[in-house]
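Inspection log for the structure reproduced underneath, given as structure tokens.
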Amino acid sequence: MKKNILNAPFIVEMCRATANMYRLGWDERNGGNISMLLEETEVAEYLDMNYVLRTIPTGFDATPLIGRIILVTGTGKYFKNIEIDPENNLGIIRIAKDGTTAELLWGWDDEGRFTSELPAHLMSHISRLAADDKHRVVMHSHPTYTIAMNAVCPIDEKEFTHRLWQSNTESIVVFPDGVGVLPCMVCGTTAIGEATAEKMKSFRLVVWTNHGIYGAGRDMDEVFGLIETVEKTAQIYMLTLGHTQNVISDEILHGLAERFGVTPLEGVLK
Ligand code: 13P
Ligand code: ZN
């Protein structure tokens, strides 16, 4: 007898995270998407792993993820609705042996499909797994102040990282590895997926100019916390823009890094 998947910790976590993100105003309408790598053993408690509901071509090659199982938000689905109807708004897919097909194991009971940003998600998972074998979650969101700050800063990831670090003492501690920045690109494409994944080789955070942000990490809390800290700092930056009297000096930033035992991204601090 299989257990009820609606009680599975990974579904509950996904519902909570997306509801929080909606209420924080980060994810309007269908904005944002999340994907989480699952272990076969944790999913098998709830689903017959041999039963494929349908197959959906992905349109790109994700060979390094063959056999991997992924919980992912659906395209066009509203974060606000996920907690009230997870089965319609989420899906669990497995990457088939050809590397280009998703096998639907659960979800999207209205014939829906995975987020249009699946290339960026899967390619980012590949990059992050190469950097950290405990990596599991990729989160994309549209937090207001992050997008606003990006709009008033040059497209220069070291400069952007420096301004964030200078605005809030938490920033260098939470993301000493900095924030990557991509120029504005057409979203939902393999090209933006590849560009994001390239940045994800060294960053856990990547801003998409005039669009939003990607975060990656070992669990939902880590990724949520990364994006939350960028957004809070971007809010401070925007609220003070044009009136700023005090920014954190490089000397203090070096001191914070030393105090908290983190290594700042090279080339940002003097
Ligand atoms: P989806 O509805 O396809 O997930 O797209 C939302 C989004 O944020 C696009 O970047
Ligand atoms: Zn988006």
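The values are calculated or read from the model by the stated rules, or taken from the named source; none is laboratory data. Just so you know, these numbers come straight off a predicted model, no measurement behind them. Every residue, glycine as well, gets a Cβ built from its backbone with ideal geometry; the counts of neighbours run over all protein chains shown. Ligands, DNA and RNA are stripped out before the accessible areas are found, and what is left, the full protein with its side chains, is counted by its heavy atoms. Shrake-Rupley method; radii C 1.70, N 1.55, O 1.52, S 1.80 Å.
Scan the range 1-31 residue by residue and report those that are assigned to a loop (DSSP other than H, G, I, E, B) and touching an Asp or Glu at 6+ places or on another chain (Cβ under 9 Å).
Selection gives Lys2, Lys3, Ala8, Leu24, Trp26.
May I ask you to list pairs of residues, at least six apart or on different chains, whose Cβ atoms are under 7 Å apart, with the first in the range 73-84 being at positive phi and the second being in a loop (DSSP other than H, G, I, E, B) and near ligand 1 (Cβ under 9 Å from one of its atoms)?
Gly76/Asn30
Which residue, of Ile147, Ile93, is within 21 Å of the chain's Cα centre (by Cα), open to solvent by 40 Å² or more (accessible area, probe 1.4 Å) and of a type outside the set (D, E, K, R)?
Ile147
How many residues are under 15 Å from the mean Cα position of the chain (by Cα) and either open to solvent by 50 Å² or more (accessible area, probe 1.4 Å) or within 15 Å of ligand 2 (Cβ to nearest atom) (or both) if we restrict to the range 180-193?
Qualifying residue count for the region: 5.
If the Cβ limit is 8 Å and pairs must be 6+ apart or interchain, which residue in the range 134-145 that is within 16 Å of Gly74 (Cα to Cα) pairs with which residue that is assigned to a loop (DSSP other than H, G, I, E, B) and more than 12 Å from ligand 1 (Cβ to nearest atom)?
Once the first residue is within 16 Å of Gly74 (Cα to Cα) and sits in the range 134-145, its partners that are assigned to a loop (DSSP other than H, G, I, E, B) and more than 12 Å from ligand 1 (Cβ to nearest atom) give Val137/Arg218; Val137/Asp219.
Could you pull out every one of the strands (runs of 3 or more DSSP E) wholly within the range 65-173 that has 1 or more residues that are under 17 Å from Phe203 (Cβ atoms)?
Counting at least 1 such residues, we get 137-141.
Would you mind stating whether Ser202 is open to solvent by 70 Å² or more (accessible area, probe 1.4 Å), touching a residue at least 24 places away in the same chain (Cβ under 8 Å), hydroxyl-bearing (Ser, Thr, Tyr) and away from ligand 2 (no atom under 16 Å from the Cβ)?
It is true that Ser202 is open to solvent by 70 Å² or more (accessible area, probe 1.4 Å), touching a residue at least 24 places away in the same chain (Cβ under 8 Å), hydroxyl-bearing (Ser, Thr, Tyr) and away from ligand 2 (no atom under 16 Å from the Cβ).
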